[in-house]
Amino acid sequence: QKQIQLKKRPTGVPTSEHFEFVEVPVESPAKGEILLQTIYISVDPYLRGRMNDTKSYIPPFKLNEAISSGVIGKVVESKSDLFEVGDFVIGSLGWQQFSVAKDNTVRKIDPNLAPVSAYLSVLGMTGLTAYFGLLDIGKPKAGETVVVSGAAGAVGSIVGQIAKIKGARVVGIAGSDEKVRYLLDELGFDAAINYNTQDVGSALKEACPDGIDVYFENVGGEISDTIFPLLNNFARIPVCGAISAYNNSEPDVGPRVQGYLIKTSSLMQGFTVGNYSSRFGEGAKELASWLLEGKLKYEETVTEGFENTIDAFLDLFKGANLGKAIVKVADS
Ligand code: NDP
């Protein structure tokens, strides 16, 4: 089988030269372990940060070792009392076609509740990020205006829909007309802005006549700069991500925002979804019930074939995905 390793640490935008496909043996499970066939691999923007050798909330990838991320696997051999052949599991596993995992490091998922890939998106890490970041920090109230950037992506699309469930007016910012149409026509956003073709500052002013109460930050950079002058008193800004800066080789610079925060008494708070790990059950349950009630929709951009995993990852930075970007490695 093949495994994808980090070969060189990228500076700026990574290319295929930073990765290598290496032939490795399929291991046999020992007692308390299972052998998994990789069905889906999650590609995520935060993995870019793990390719740098810098201190963060999660350690960097090591050179010449497998890259890892959220993976859905199917049990093909079990030496564990907890799993049977044919079970589907989710875990943080290497980018390879088969993995051996200890039975306490992966979690069984229910393929009858939703297609298994949904556990990488709406019912998984990105859905929980949207849920806790918006509800715990953003705290949207009915009638308030919520703006979300990266709005047609995995996190952003769920943020906007939860804000709608809570009765807010929702404005999305995304990178193409197709995405804008999706937000308006499929997800019921109240307004949407294409940052590649529109002047975001003036479009936002028009879309938010009552100002902004919550800004869910996914992208950083110049898009983010346009938000601050429109903040209402006691606005909340959950800072989830800053993808526009992930490939910068120099620190990002921009306007100073303190003045805007002071005069509006606004709260800006960074978070990682891991902060909420003790409450994942609660979030997953509510997301699942909204999904089953038809209140929440989700989209996936599925790249077929393990050999295309790196391209699927790099496509995140080109905005090629609508909804969650995943790689299908094998049929389930
Ligand atoms: P997405 O599905 O949103 O994919 C990334 C999207 O970002 C692209 O589709 C693209 O959409 C947009 N994008 C890419 N480059 C730029 C740019 N230079 N400027 C503006 N937009 C850009 O990914 P996720 O939903 O998985 O993640 C969204 C954000 O949330 C990321 O910043 C990520 O790091 C963060 N995150 C944080 C977590 C946490 O725990 N704090 C957990 C999970 C994610 P477009 O066409 O609109 O440009």
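The values are calculated or read from the model by the stated rules, or taken from the named source; none is laboratory data. As the structure is a computational prediction, the values presented were derived from the model and not from experiment. All Cβ positions, glycine included, derive from the backbone under ideal geometry; neighbour counts span all protein chains shown.
Scanning segment 162-186 for residues that are surrounded by fewer than 23 Cβ atoms within 10 Å (Cβ to Cβ) and either within 14 Å of the ligand (Cβ to nearest atom) or assigned to a helix (DSSP H, G or I) (or both) gives Lys164, Ile165, Gly175, Ser176, Asp177, Glu178, Arg181, Tyr182, Leu184, Asp185, Glu186.
Is it the case that some residue within segment 35-52 is more than 21 Å from Lys318 (Cβ to Cβ), outside any strand (DSSP E or B) and free of Cβ contacts under 8 Å to residues at least 60 places away in the same chain? Looking through segment 35-52, none of the residues is more than 21 Å from Lys318 (Cβ to Cβ), outside any strand (DSSP E or B) and free of Cβ contacts under 8 Å to residues at least 60 places away in the same chain. Within the option set Val26, Val43, being closer than 24 Å to Val329 by Cα and surrounded by fewer than 19 Cβ atoms within 10 Å (Cβ to Cβ) holds for one residue only, Val26. Is at least one residue of segment 53-62 modelled with pLDDT of 95 or more and either in a strand (DSSP E or B) or among the small types (Gly, Ala, Ser) (or both)? Within segment 53-62, not a single residue is modelled with pLDDT of 95 or more and either in a strand (DSSP E or B) or among the small types (Gly, Ala, Ser) (or both). Can you find even one residue in segment 86-105 that is under 19 Å from the mean Cα position of the chain (by Cα), surrounded by 22 or more Cβ atoms within 10 Å (Cβ to Cβ) and either part of a loop (DSSP other than H, G, I, E, B) or among the charged types (D, E, K, R) (or both)? Looking through segment 86-105, at least one residue is under 19 Å from the mean Cα position of the chain (by Cα), surrounded by 22 or more Cβ atoms within 10 Å (Cβ to Cβ) and either part of a loop (DSSP other than H, G, I, E, B) or among the charged types (D, E, K, R) (or both).
Scanning segment 1-34 for residues that are over 20 Å from Phe317 (Cβ atoms) and either among the small types (Gly, Ala, Ser) or part of a loop (DSSP other than H, G, I, E, B) (or both) gives Gln1, Val24, Pro25, Val26, Glu27, Ser28, Pro29, Ala30, Lys31, Gly32.
One line per residue, one yes/no per condition, for (1) among the hydroxyl-bearing types (Ser, Thr, Tyr); (2) modelled with pLDDT of 95 or more; (3) away from the ligand (no atom under 14 Å from the Cβ):
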site	(1), (2), (3)
Gln97	no, yes, yes
Thr105	yes, yes, yes
Lys108	no, yes, yes
Pro111	no, yes, yes
Tyr119	yes, yes, yes
Gly124	no, yes, no
Tyr131	yes, yes, no
Ser149	yes, yes, no
Ala152	no, yes, no
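All conditions in (1) part of a helix (DSSP H, G or I); (2) within 15 Å of the ligand (Cβ to nearest atom); (3) among the hydrophobic types (A, V, I, L, M, F, W, C) hold for Met268, with the sole exception of (1). Being more than 14 Å from the ligand (Cβ to nearest atom), at pLDDT below 95 and of a type in the set (Gly, Ala, Ser) is a description that does not apply to Ser278.
Contact annotation: residue pairs with Cβ atoms under 6 Å, 6 or more positions apart or on different chains, pairing a residue in segment 8-28 that is farther than 24 Å from Ser99 by Cβ with a partner that is modelled with pLDDT under 95 and of a type in the set (Gly, Ala, Ser), are Thr11/Ser249; Gly12/Ser249. What do you reckon, is Ile326 under 19 Å from Lys179 (Cα atoms) and within 16 Å of the ligand (Cβ to nearest atom)? Here the answer is yes, as Ile326 does meet what is asked.
Considering only residues that are surrounded by fewer than 17 Cβ atoms within 10 Å (Cβ to Cβ) and within 15 Å of the ligand (Cβ to nearest atom), look in segment 281-318 and name the one that is farthest from the chain's Cα centre (by Cα). Residue satisfying both the conditions and the ranking: Asp311. The criterion of being of a type outside the set (Val, Ile, Thr), in a helix (DSSP H, G or I) and touching a Lys or Arg at 6+ places or on another chain (Cβ under 9 Å) does not hold for Phe189. Out of Ile243, Ile262, Ile193, Ile212, one residue alone is surrounded by 14 or more Cβ atoms within 10 Å (Cβ to Cβ), away from the ligand (no atom under 16 Å from the Cβ) and modelled with pLDDT of 95 or more. It is Ile212.
Selection of segment 106-131 for residues being more than 13 Å from the chain's Cα centre (by Cα), within 20 Å of Ala154 (Cα to Cα) and not in a loop (DSSP other than H, G, I, E, B) yields Ile109, Val116, Ser117. What tally of residues in segment 215-238 results from selecting those that are hydrophobic (A, V, I, L, M, F, W, C) and within 8 Å of the ligand (Cβ to nearest atom)? Selection size over segment 215-238: 2.
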